[in-house]
Amino acid sequence: MDAANDALVKVKNVKKYFPIKGGILKRTIGHLKAVDDVSFSIMKGETLGIVGESGSGKSTLGRVMLRLLDPTEGSIYFNGTDISHLNRRKIRPHRRDMQIVFQDPFASLNSKMSVAELIEEPLIVQSSLTKAERKEQAIEIIEKVGLRAEDRLKYPHEFSGGQRQRISIARALVTRPKFVICDEPVSALDVSIQAQVLNLMKDLQDELGLTYLFIAHDLSVVKHISNRVAVMYLGRIVEIATKKSLYNNAYHPYTQALLTSIPVIDHGQNDIPRKTKIKLTGDLPSPSDPPSGCTFRTRCPMAHERCSLERPELIEKDAGHFVACHLYTE
Amino acid sequence: MNPNLQESEAKMPDMNRGKGQNKSYSPFQLGIQRFMKNKMAVASVIVLFLIVIVCVMAPVFTNIDPEETNLLLIEKGPSDEHILGTNGVGQDNFSRLLYGGRVSLIVGFSAMFFTLIIGVVLGSLAGYYGGKVDNLIMRATDIVLMLPFLVLVLTIMALIDKVTIGLFVTIIALTSWPNLTRIIRGTYLSLREQEFVLSARAIGATDFRIIFKHFIPNAIGPIVVNATLMMASYIIIESGLSFIGFGIPKPTPTWGNMISEAQNIRILRNHPHAWIPPGLGILVTVLSINFIGDGLRDAFDPKSNRR
């Protein structure tokens with residue numbers, strides 16, 4: 001994992017704590033640990049999938065990486081530069097290289113702007129192109145994402161969810177970024193359209209040499225697009241491995257539980273052995289008051305005494321396959 | 001689930017090809033179309049437009065100076081020369097009605113305009129930046145809202161010798177900006193959490209750009225609606241203050257000044273032609289503006305139901 005030479009993005013010990021204010025004087029009475037000590041890197045041209053339940057901190061992590069939120073601690077290296085402490089003006093030039101596609105295509109497009117305005121806005125902010133050049137680039141990217149050039153005069157309300165997500169993608173890609181965070185880009189779409197959009201994103205990745213961080217809440221979507229997958233639970237990464245290794249040989253009980261929750265039609269071709277079927281019970285504990293030791297222990301069928309005392313660190317179980325679980329520490 | 005998501009993508013191109021390939025309406029144009037379907041609001045626009053035209057073009061309709069007194073013609077009934085008769089100092093009521101409408105409309109409009117500027121600037125700062133800026137501005141609105149409007153205005157008017165229209169407008173604007181500021185701040189607070197604002201941040205847009213391109217266009221519905229309704233209330237405030245003698249001072253004609261002459265029981269009983277027209281003027285103008293405001297709210301803020 002530390003072959004840092006061609007790592008495009010490197011996240012090191014990043015924490016994001018939201019203060020919880022209470023009382024009459026609005027004093028900080030606690031912290032919501034949305035992201036708690038996360039480190040990983042993303043290679044050029046790869047797709048890292050991040051999977052976790054709602055509230056696991058995956059979206060917060062994405063926003064911190066783009067500095068839409070400021071990290072409480074830790075550093076984020078983008079293309080070798082530490083961007084975690086740059087001020088707003090200094091970070092602006094980096095923004096053309098890193099973009100984000102949001103989950104809800106109905107909320108992420110300003111409904112008062114036409115498609116042309118939406119897609120040309122990043123160019124207005126980030127470049128000094130003339131009007132004609134902007135139009136040309138916008139049309140190019142509109143056609144790349146599978147819309148028609150004449151659609152640029154329409155408004156978002158005239159499009160369906162899938163088409164709106166294409167507009168979002170066009171807006172994110174028009175400055176030709178190197179790195180794109182996809183924050184559950186297909187979760188709000190119909191299943192039939194999910195596949196179309198995923199395939200589009202994959203094609204664009206090949207064509208434009210993009211690096212993706214793909215956030216999703218279930219492993220089935222991530223499987224389609226990722227090279228490596230990280231599983232998050234309560235703000236921490238509990239397992240990170242290549243796709244093949246993770247899907248065939250998951251170590252962490254939580255990952256195993258997520259894998260068995262994927263509905264499968266044909267058991268004969270299923271990779272997961274039936275005997276490891278784990279059912280998760282209960283809810284995600286509150287991130288403002290996480291359990292001691294291993295945060296998953298309250299729902300873990302294999303929990304033992306040590307889990308409540310000590311927090312498991314990520315260890316390399318197999319080459320490139322990291323897991324944070326006491327079952328694998330001697 | 002959002003019902004719009006149910007539309008299958010395959011269906012969309014057909015729809016586009018079918019009807020009106022070139023017709024693509026912006027949300028603003030769609031709002032205008034909705035407004036045009038509201039008969040009451042459209043009628044009100046026409047009525048208000050006529051009132052404005054008549055008042056602005058007052059010299060075309062009468063050639064009598066509204067401030068010219070004639071002690072030989074005091075409290076005369078309607079005649080060919082003085083259609084609505086004359087008042088207690090022999091000024092022509094009809095001329096005063098037209099010129100007075102001018103003043104009332106100017107007061108309403110310019111007070112609304114000033115309030116709008118103060119409200120948009122302070123509301124934007126408070127709603128966009130939050131934190132200390134927000135705290136400061138909100139405490140200022142609390143203080144201004146806490147002051148009893150009437151007592152404050154009466155005190156200021158009593159202290160100042162010569163109240164001009166400009167001064168009157170300034171006083172109204174300075175005492176009534178907090179409501180609009182709060183509305184704009186509230187709208188911004190809800191907009192701030194939306195993903196399209198994050199998306200604008202992600203491309204590196206400046207605060208200025210985010211406020212002007214993303215916040216204001218999305219808050220324009222509540223802003224316009226409230227500004228319109230405010231204008232109506234300013235016209236009423238002007239008449240009310242003029243009626244009790246604390247408005248724009250006498251020789252200047254305003255609708256409120258004209259009605260205040262009906263405080264005299266003799267005029268109230270015997271000269272309805274002197275006070276009914278300005279009263280109707282206020283009623284019809286304020287009613288039209290309110291209908292327009294309601295129409296705008298239904299058209300540009302379709303989520304809020306008719307009240």
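The values are calculated or read from the model by the stated rules, or taken from the named source; none is laboratory data. Here the structure is a predicted model, which is why all the values come from computation and not from measurement. So basically every Cβ, Gly included, is an ideal-geometry build from the backbone, and we count neighbours across all protein chains shown. Please note that ligands, DNA and RNA were not included when accessible areas were found on the heavy atoms of the full protein model with its side chains. Shrake-Rupley method; radii C 1.70, N 1.55, O 1.52, S 1.80 Å.
Within segment A:42-114, considering only strands (runs of 3 or more DSSP E) that don't extend past its boundaries, which have at least 1 residues that are within 11 Å of chain B (Cβ to nearest Cβ)? It would help to see each step written out before you state the result.
On the way: elements: A:47-51, A:73-78, A:98-101.
Ranges flagged: A:98-101.
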Task: Every pair of residues 6+ apart whose Cβ atoms lie under 8 Å, when the first sits in segment B:194-210 and is more than 7 Å from chain A (Cβ to nearest Cβ) while the second is part of a loop (DSSP other than H, G, I, E, B) - done: B:ALA200/A:ASN110
Open item on the list: Could you check segment B:175-199 and list, in sequence order, the residues that are open to solvent by 30 Å² or more (accessible area, probe 1.4 Å) and under 15 Å from the mean Cα position of the chain (by Cα)?
Closed with: B:ASN179
Open item on the list: Yes or no: segment A:154-161 includes at least one residue that is over 23 Å from B:ALA205 (Cα atoms), touching a residue at least 40 places away in the same chain (Cβ under 8 Å), within 16 Å of the chain's Cα centre (by Cα) and buried (at least 21 other Cβ atoms within 10 Å of the Cβ).
Closed with: no
TODO: Only residues that are open to solvent by 80 Å² or more (accessible area, probe 1.4 Å) and touching a Ser or Thr at 6+ places or on another chain (Cβ under 9 Å): list them for segment B:50-68, please.
DONE: B:PHE61, B:ASN63, B:GLU67, B:GLU68
- [ ] Collect the residues in segment B:98-119 that are open to solvent by 30 Å² or more (accessible area, probe 1.4 Å) and either of a type in the set (A, V, I, L, M) or on the phi > 0 side of the Ramachandran plot (or both), keeping them in residue-number order.
- [x] B:ILE106, B:LEU116, B:ILE117, B:ILE118
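Conditions (1) in a helix (DSSP H, G or I); (2) at pLDDT below 90; (3) farther than 21 Å from B:SER190 by Cα; (4) open to solvent by 40 Å² or more (accessible area, probe 1.4 Å), marked per residue:
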residue: B:VAL121; (1), (2), (3), (4): yes, no, no, yes
residue: B:SER124; (1), (2), (3), (4): yes, no, no, no
residue: B:TYR128; (1), (2), (3), (4): yes, no, no, no
residue: B:ILE137; (1), (2), (3), (4): yes, no, no, no
residue: B:LEU152; (1), (2), (3), (4): yes, yes, yes, yes
residue: B:ALA158; (1), (2), (3), (4): yes, yes, yes, yes
residue: B:ASP161; (1), (2), (3), (4): no, yes, yes, yes
- [ ] Could you pull out every one of the helices (runs of 4 or more DSSP H) wholly within segment B:200-307 that has 1 or more residues that are closer than 24 Å to B:PHE149 by Cα, open to solvent by 20 Å² or more (accessible area, probe 1.4 Å) and at pLDDT 90 or above?
- [x] B:216-243, B:272-300
- [ ] Check segment A:116-129 and report whether any residue there is out of contact with any Asp or Glu (no Cβ under 9 Å at 6 or more places or on another chain), more than 8 Å from chain B (Cβ to nearest Cβ) and charged (D, E, K, R).
- [x] yes
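Show me the strands (runs of 3 or more DSSP E) entirely contained within segment A:176-282 in which 1 or more residues are within 14 Å of another protein chain (Cβ to nearest Cβ), open to solvent by less than 10 Å² (accessible area, probe 1.4 Å) and at pLDDT 90 or above. Show your work before the answer.
Details: elements: A:179-183, A:211-216, A:228-233, A:236-242.
Passing ranges, in order: A:179-183, A:211-216.
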